[in-house]
Amino acid sequence: MSCGGRDDSGPGAGSGGRRGRRTEAPPGLPVGRVGLGRGEEFDLIRSLLGPEVPPVPGVLVGPGDDCAVLEGGIIVSADLTVENVHFRREWISLHEAGYRAAAAALSDVAAMAAEPLGALLCLALGPGNPRREAMELQEGAGEACRREGISILGGDLAGSPGPLVVDVVVLGRARAPILRSGSRVGDEIWVTGWLGRSAAAVALWNRGIVPPPVIREAFARPRPRIREALWLVDRVPLRGLVDLSDGLAGDVGHLAAASGFSMVLEEEAVPVHPELNEVLAGTGEIPLDLALGGGEDYELCFTSPPGALEEWVASFEDTFQIPLTRVGNVVEGEGRRVLMQTAQGEKRPIQGGGFSHFMEKGNE
């Protein structure tokens, strides 16, 4: 998420721990690109990639998913954080900026149902007090990494005449990486946790209002759902998987584009955080809109066969103390669209999608 919206991508409680898990990549893993959803940002990415070419030996999954996948189930992803785009110093400390930068990158690991191995931290620092800035950012990023059982393995430093820039590269390993492309017609769409809090914090800050702690925490200290993903993949078939960095509508759009099917979200089922109506009263912000397009919730969104989750919902919610909610279904349909179904059963295409860094004026 940016200061006006969101950003894109590109030992475990209840998981049984990490010991003894098989890590080799499964046979038959798709090779090459995974389809991206709609939007100016992703149109630019497609232009940059150009015509598809066969990946080099050792690369199983190239651009388009949350991580690249290499032989042996090794996954790699990079995530960029820019001052005054993704955060402002009057909102959060540099320690928190480092923490959320690492957490956002680690969320890509969760989006493949993988285990993190380590991270690289690259910093472009301003001329004021680069040593202090670097120490605060690294301490925050290191805290987020330690929370997931890994450490910072290295990185790079550079000076910057402009805003501070943080780039986090994460490495992980998955015995069976879950891609965005595996959804099938009839699958159910599920979401972990509550949605809309991070975007609500930005909306309040932009109006000069200090967000209450439960809202601020979602922005300043997001939690990548790595343990939750490992717990789920050990118990139920996960067909398509993505983390919610661009908003539910935008990221479900990626699942649709990658699978070739359309997705129907149920308006009444979207798990908007219960405090948002009160917190946003009088601001003109609509909680459902923030959940659909706000982003940076870093929850999981996945598809699974009908009925596969029924016996596990209560156990999941008891283990992780967050909700697990069915929000829609995968359907046949040209255009790989995302539709919203109202309580009255009416369906309409969701206009736009998630946040884009390069949205044209007039389309916001």
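The values are calculated or read from the model by the stated rules, or taken from the named source; none is laboratory data. Quantities reported herein were computed from a predicted structural model and do not represent experimental measurements. In this analysis, Cβ positions are derived from the backbone assuming ideal geometry, glycine residues included, and neighbour counts consider all displayed protein chains.
Within region 166-195, can you find the residues that are charged (D, E, K, R) and either more than 17 Å from the chain's Cα centre (by Cα) or within 15 Å of Cys301 (Cα to Cα) (or both)? The answer is Arg173, Arg175, Arg180, Arg184, Asp187, Glu188. Scanning region 311-338 for residues that are assigned to a loop (DSSP other than H, G, I, E, B), at pLDDT 95 or above and either under 18 Å from the mean Cα position of the chain (by Cα) or not polar (S, T, N, Q) (or both) turns up Glu311, Trp312, Ile322, Pro323.
The set of residues from region 138-195 being out of contact with any His (no Cβ under 8 Å at 6 or more places or on another chain), closer than 30 Å to Ser304 by Cα and charged (D, E, K, R) comprises Arg147, Glu148, Arg173, Arg175, Arg184, Asp187, Glu188. Among the residues making up region 63-85, those that are crowded, with 19+ Cβ neighbours inside 10 Å and out of contact with any strand residue (DSSP E or B) (no Cβ under 8 Å at 6 or more places or on another chain) are Gly64, Asp65.
Yes/no matrix, rows are residues, columns are (1) over 24 Å from the mean Cα position of the chain (by Cα); (2) surrounded by 15 or more Cβ atoms within 10 Å (Cβ to Cβ); (3) at pLDDT below 95; (4) within 23 Å of Ser77 (Cβ to Cβ):
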{"site": "Gly118", "(1), (2), (3), (4)": "no, no, no, yes"}
{"site": "Leu121", "(1), (2), (3), (4)": "no, yes, no, yes"}
{"site": "Ala124", "(1), (2), (3), (4)": "no, yes, no, yes"}
{"site": "Ala134", "(1), (2), (3), (4)": "yes, yes, no, yes"}
{"site": "Leu137", "(1), (2), (3), (4)": "no, yes, no, yes"}
{"site": "Ala141", "(1), (2), (3), (4)": "no, yes, no, yes"}
{"site": "Arg146", "(1), (2), (3), (4)": "no, no, no, yes"}
{"site": "Ile150", "(1), (2), (3), (4)": "no, yes, no, yes"}
{"site": "Leu153", "(1), (2), (3), (4)": "no, no, no, yes"}
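Can you name the residue in region 172-222 that is part of a strand (DSSP E or B) and not β-branched (Val, Ile, Thr) and is also surrounded by the most Cβ atoms within 10 Å (Cβ to Cβ) among such residues? Only one residue fits best here, namely Leu195.
Please indicate, with yes or no, whether at least one residue in region 227-243 is in a loop (DSSP other than H, G, I, E, B) and more than 24 Å from Arg184 (Cβ to Cβ). For region 227-243, residues in a loop (DSSP other than H, G, I, E, B) and more than 24 Å from Arg184 (Cβ to Cβ): absent.
Across region 155-171, not a single residue is classified as under 27 Å from Val61 (Cα atoms), in contact with a strand residue (DSSP E or B) (Cβ under 8 Å, 6 or more places away or on another chain), hydroxyl-bearing (Ser, Thr, Tyr) and not in a helix (DSSP H, G or I).
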